[in-house]
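> This structure is in structure tokens; I'll ask about it shortly.
The values are calculated or read from the model by the stated rules, or taken from the named source; none is laboratory data. Model, not experiment: these values are computed from the prediction. With ideal geometry, Cβ positions are generated from the backbone for all residues, glycine too; neighbour counts draw on all protein chains shown. The area values use the complete protein model at the heavy-atom level, side chains included, leaving out ligands, DNA and RNA. Shrake-Rupley method; radii C 1.70, N 1.55, O 1.52, S 1.80 Å.
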Amino acid sequence: MKLRKLAPSKEKAPQLAALALSVLTVLLLCLYAFYQLPRIAKEGETQAPGGDRKYHVLVLGEAADEDALKEIYRGAETESRSYDCVVELDVPSSLAEGQSLQKLLDFASFVDADGVIAYIGEGTGSLSIPASFSGREIPLITVSRYDESIPQVSHIGTNYSELGRMISRESAVYLNGRGRLIIINTVKSNSANYSNLMASVKSGLAYFENIDVYIADLESSAAITDTSGILARKIRYSDADLLVCLSSEDSIRAAQLVNDLGKAGYIGIIGFGEGSVLDRYLEIGVITELLSIDSQKIGSLALRELFEYIHYGHANNYIAADVKVRKGGSL
């Protein structure tokens, strides 16, 4: 009996050809992946943000100061590559979280950071400087409020005398040398910064005999929006041409009051601070001018001072931050 070689039937031939093509395609894809994956992995390593940098710096602060902190972080981040460091922003996720600045500094010790840039708010108490695993003190740069009890390497803050001169100059220009000015004060502490600021404002306005200055000393920022209070009465009866505010919260509340009383566009506001809410009031013209500290430049300066200390063991004790002036839109 002879064995016959079986040939695939004409019906099965296309199916076998398609199967062979599929197998060949899979093999080619496997070979491509085999040669490409190491290169892709290597590219991923080099593109990871700061993953292979030598230094690690934290920007810390409380949730209430988050807008300013984000700008400070951006400023520091622009300088980070020059110092071979990765910059990380660490702020509580919400006001309700209640995480203190000291706990954030303790976290800097836990991650063994090489340096810290910390925003010191008005309510910040005494602080313990963070330390590395080896016991080395982690260098601390503070911004905003200066507290001599904090063992900071350097402080970047506001020149309150210069800020006062700027406020008086901008007020006089807005009023064209004549009008009624109300300065809103909600500061209750015997702050040297506030004293310097007010002395400078009064000194600058003393040259303008036709500008009447009234200082509204209020119990708190919340009193600004009291529609039955003295400030509301003066605004309602057009007994003011310009309001000057000395903090972000005061500026926001003054804008709310003027808007609620239907006086937007009739009474000017020179505000102080930064943030999305203030930006919006400035954009629509409820706030006439907004003075603010250049927080991005503060972040840039802070990182430079930090690495001046890390590399050379010294830094400037105090640096005055620049003040920005922005004009509002029209309603």
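> Only strands (runs of 3 or more DSSP E) wholly contained in segment 270-331 count here; list those with 1 or more residues that are open to solvent by 50 Å² or more (accessible area, probe 1.4 Å).
Here the list reads 318-320, 323-327.
> Kindly list, by first and then second residue, each pair from a residue in segment 195-219 that is at pLDDT 90 or above to a residue that is in a helix (DSSP H, G or I) and open to solvent by 70 Å² or more (accessible area, probe 1.4 Å), limited to pairs with Cβ atoms under 6 Å and residues at least 6 apart or on different chains.
SER200/ARG165; GLY204/ARG165
> In segment 249-304, how many are under 20 Å from the mean Cα position of the chain (by Cα) and in contact (Cβ under 8 Å) with a residue 12 or more places away in the chain?
31
> Please enumerate the residues belonging to segment 134-145 that are open to solvent by 20 Å² or more (accessible area, probe 1.4 Å) and out of contact with any helix residue (DSSP H, G or I) (no Cβ under 8 Å at 6 or more places or on another chain).
Scanning segment 134-145 gives SER134, GLY135, ARG136, GLU137.
> Determine whether segment 40-48 contains at least one residue that is modelled with pLDDT under 95 and either among the polar types (S, T, N, Q) or open to solvent by less than 30 Å² (accessible area, probe 1.4 Å) (or both).
Scanning segment 40-48, I find at least one residue that is modelled with pLDDT under 95 and either among the polar types (S, T, N, Q) or open to solvent by less than 30 Å² (accessible area, probe 1.4 Å) (or both), so the answer is yes.
> Among the residues of segment 237-248, how many are open to solvent by 10 Å² or more (accessible area, probe 1.4 Å) and under 27 Å from the mean Cα position of the chain (by Cα)?
Number of matching residues: 3.
> Test ILE211 against the criterion of being under 27 Å from the mean Cα position of the chain (by Cα), of a type in the set (Val, Ile, Thr) and surrounded by 15 or more Cβ atoms within 10 Å (Cβ to Cβ), and give yes or no.
No, not satisfied.
> Is one or more of the residues making up segment 185-198 charged (D, E, K, R) and farther than 19 Å from SER247 by Cβ?
no
> Taking segment 214-236, which residues are open to solvent by 70 Å² or more (accessible area, probe 1.4 Å), in a strand (DSSP E or B) and closer than 23 Å to ARG178 by Cβ?
Once the filter is applied, which keeps residues that are open to solvent by 70 Å² or more (accessible area, probe 1.4 Å), in a strand (DSSP E or B) and closer than 23 Å to ARG178 by Cβ, segment 214-236 yields only TYR214.
> Where the second residue is in a helix (DSSP H, G or I) and the first is charged (D, E, K, R) and lies in segment 160-180, which pairs have Cβ atoms under 6 Å and are six or more apart or on separate chains?
Partner pairs satisfying both residue conditions: ARG165/SER200; ARG165/GLY204.
> Would you pick out the residues in segment 256-269 that are in a helix (DSSP H, G or I) and within 21 Å of ASP212 (Cα to Cα)?
Correct list: VAL258 only.
> A further question on this structure: Are any residues in segment 126-152 over 21 Å from ALA192 (Cα atoms) and part of a loop (DSSP other than H, G, I, E, B), and if so, which ones?
SER128, ILE129, PRO130, SER132, PHE133, SER134, GLY135, ARG136, ILE138, PRO139
> Inside segment 153-191, can you point out the residues that are open to solvent by 20 Å² or more (accessible area, probe 1.4 Å) and assigned to a helix (DSSP H, G or I)?
TYR160, SER161, GLU162, ARG165, MET166, ARG169, GLU170, VAL173, TYR174
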